[in-house]
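The values are calculated or read from the model by the stated rules, or taken from the named source; none is laboratory data. Computed from a prediction, not measured in an experiment: that's the story for all the values here. FYI the Cβ positions are ideal-geometry reconstructions off the backbone, even for glycines, and counts take in every protein chain you see.
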């Protein structure tokens, strides 16, 4: 993993991962509680990049079950009309590419973009596999839609997004959300959560970790 100076978090997520949508308020709570004291680096994990197979009935049943569990655990809203669609291809690469493009402005913009795409897909029933839809959503975040749409086709952006997927794989991340804490050393990383955890568990763990980390480096 690339070295980052000082205490920080590395958040492995995918904009079309339902448990990441459930975890979104936790990430917001971390930002509100720690702010610049604990910056969050977003890495796009690659849930189902490049998928070309339309969802069949079994996939819809399984996905609906996941969404129901996320809603029960987190309270996050879902637009259940998604399951009335026919032939939807659950390809997570375009939305990931869009978030990487937003990330070029900075880590805060990346997290804001991730949240907006998650809400659009899960709560508003919008198709975030569609590049024109992604450009429209980016426009809501003060990106110029036509420029953003053109940027989504840039080959360097494709490679940058794939590099995120490869970093997740090299780091041993096999599921999302995954949150890792680092204190600046090349080997000094600690797994905070692999999978959903509520804020009341994550925030105290972060408080304890940050206190011990600052104490060691003081």
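Name every residue in the range 94-116 that is part of a helix (DSSP H, G or I), over 12 Å from the mean Cα position of the chain (by Cα) and under 18 Å from residue 165 (Cβ atoms), in order of residue number. Correct list: 94, 101, 102. Scanning the range 68-93 for residues that are assigned to a helix (DSSP H, G or I) and surrounded by fewer than 21 Cβ atoms within 10 Å (Cβ to Cβ) yields 68, 69, 71, 72, 73, 74, 80, 81, 82, 83, 84.
Looking only at the range 138-153, decide whether some residue is within 17 Å of the chain's Cα centre (by Cα), over 15 Å from residue 41 (Cβ atoms), in contact (Cβ under 8 Å) with a residue 12 or more places away in the chain and part of a helix (DSSP H, G or I). For the range 138-153, residues within 17 Å of the chain's Cα centre (by Cα), over 15 Å from residue 41 (Cβ atoms), in contact (Cβ under 8 Å) with a residue 12 or more places away in the chain and part of a helix (DSSP H, G or I): present.
With respect to the conditions (1) modelled with pLDDT of 95 or more; (2) out of contact with any helix residue (DSSP H, G or I) (no Cβ under 8 Å at 6 or more places or on another chain); (3) part of a loop (DSSP other than H, G, I, E, B), residue 129 lacks only one, and its number is (2). Number of residues in the range 35-59 that are farther than 19 Å from residue 92 by Cα and either surrounded by 11 or more Cβ atoms within 10 Å (Cβ to Cβ) or touching a helix residue (DSSP H, G or I) at 6+ places or on another chain (Cβ under 7 Å) (or both): the value is 5.
Just one of the listed residues (172, 184) is in a loop (DSSP other than H, G, I, E, B), in contact (Cβ under 8 Å) with a residue 24 or more places away in the chain and on the phi > 0 side of the Ramachandran plot, and it is 184.
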